[in-house]
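Engineer: Quick one: the structure is below, and I'll ask about it shortly.
We did not get these values from a lab; they are worked out from the coordinates using the rules stated. Quantities reported herein were computed from a predicted structural model and do not represent experimental measurements. Cβ placement follows ideal geometry from the backbone for every residue including glycine, while neighbour counts extend to all protein chains displayed.
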Ligand SMILES: [Zn+2]
């Protein structure tokens, strides 16, 4: 092992040793090795890489990327990969140091969400110059991430470029179909009921795309706690608007949503609990929700059923 290459990673490894076990997926596919952080990014690599790329995700179902710290075995996996894909825009806030050091080891490292043009991004509330990282909730923006994966794979493996191009075009066409379907489904909810109350502010892009107001109990990152003021303001609003349901998320503890329900009850309105939405992590492999398109469809169906 190259010493110069090993030293910068020691700090990261030190952090990783104390971080507990990850929840990664098994690698599938061909000879080019890619490691991704979230399931959504891994799904892009599987779709576009086809049989040429062995893709693996560090974060499995239920794992919160805002809080995730890489484990020692994650660092080893990142080290041995040809390409590393992550969301970026500070979604994986506790892995920044590791990503900063990886390009020095000669591999391709790509933050796929940072391919989204700046003028199409949502601002990160209260933080000048930062952007909301949850871009996968707008299929029209997720195509930029797909193209970032296509371009990185093509540069690394020029022989496979035509295939990457073809599969990317097919995936983008499916994103367009998904978007059109979601638009018509979500329009079935009467306009005053188009309010999405979730555990944290992951659905900003979704709300902008489909004309829903989005109210998160926690902020844009789960690393910030819900304030009592926010909870009171939200409870007032949910009771006043007689919102039918609020939603928990598969990767966020349910405590804040339970507290909100209680506060709404004390204001004389019983708000229901919608099915768990997949926000920052997908469902298990093999399940419909274990793919990007499947989890998106699940969310749309759940929202329409709960709010109609
Ligand atoms: Zn989030």
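Engineer: Sort 217, 293 so that the residue with the fewest other Cβ atoms within 10 Å of its own Cβ comes first and the one with the most comes last.
Structural biologist: Values: 217 23, 293 18.
Ascending number of Cβ neighbours within 10 Å: 293, 217.
Engineer: Then there is this: Taking neighbour Cβ counts within 10 Å as the exposure measure, how do 178, 234 sort from fewest upward?
Structural biologist: 178, 234
Engineer: Sticking with this structure for a sec: For the chain, take the longest principal axis of its alpha carbons; what is the angle in degrees between that and the long axis of helix 255-265, to the nearest 10 within 0 to 90?
Structural biologist: 10
Engineer: Going by average Cβ density within 10 Å per residue, which order do the peptides 245-251, 188-194, 299-305 take, highest to lowest?
Structural biologist: The packing order, highest mean first, is 245-251, 299-305, 188-194.
Engineer: To continue, here is another question. If we sort 96-109, 74-87 on the protection proxy, mean other Cβ atoms within 10 Å, highest first, what's the order? Let's see the in-between values first.
Structural biologist: Working: 96-109: 16.1, 74-87: 21.5.
Highest mean packing first, the order is 74-87, 96-109.
Engineer: Next question. Where does each of 55-62, 284-291 land if you order them by average Cβ count within 10 Å, highest first?
Structural biologist: Put in order of decreasing packing, that is 55-62, 284-291.
Engineer: On a full-extension model of 0.36 nm per residue, what is the gain between residue 213 and residue 173, subtracting their alpha-carbon distance, rounded to one decimal in nm? It would help to have the intermediate numbers written out before the result.
Structural biologist: On the way: separation 40, 0.36 × 40 = 14.40 nm, distance 2.73 nm.
Result for the pair: 11.7 nm of gain on full extension.
Engineer: Also, quick follow-up: For the stretch 66-116 and the stretch 127-153, compute the distance between their C-alpha centroids and round to whole Å.
Structural biologist: 15
Engineer: Could you tell me the ratio Rg/Rh of the chain? Both radii from Cα atoms, Rh via Kirkwood. Let's see the in-between values first.
Structural biologist: Numbers: Rg = 19.8 Å, Rh = 20.1 Å.
Radius of gyration relative to Kirkwood radius: 0.99.
Engineer: Roughly how many nanometres apart are two label points built 7 Å out from the Cα toward the Cβ at residue 188 and residue 231?
Structural biologist: That separation, rounded to one decimal, is 3.5 nm.
Engineer: Which whole-number percent is the relative contact order of the chain (Cα, under 8 Å, 6+ apart)? Provide the component values of the computation, followed by the final result.
Structural biologist: Details: 568 pairs, mean separation 51.9, N = 308.
Value for the chain: 17 percent.
Engineer: Here is a follow-up. Quick check: Cα centre of the stretch 192-209 to Cα centre of the stretch 238-294, how many Å?
Structural biologist: About 11 Å separates the Cα centre of the stretch 192-209 from the one of the stretch 238-294.
Engineer: I'd like the antiparallel share, as a percent to the nearest 5, of DSSP beta bridges with both residues in the chain.
Structural biologist: Counting DSSP beta bridges with both partners in the chain, the antiparallel share is about 10 percent.
Engineer: Do the sum for the chain: with -39,500 (n - 2.57) for every DSSP H run of n ≥ 4, divided by all residues, what is the mean residue ellipticity at 222 nm, to the nearest 500 deg cm²/dmol?
Structural biologist: Helix contribution divided over all residues of the chain: -14000 deg cm²/dmol.
Engineer: Right, another one. Would you mind calculating the relative contact order of the stretch 143-287 from Cα pairs under 8 angstrom and at least 6 residues apart, reporting the percent as a whole number?
Structural biologist: Taking the mean separation of contacting Cα pairs over the length of the stretch 143-287, I get 18 percent.
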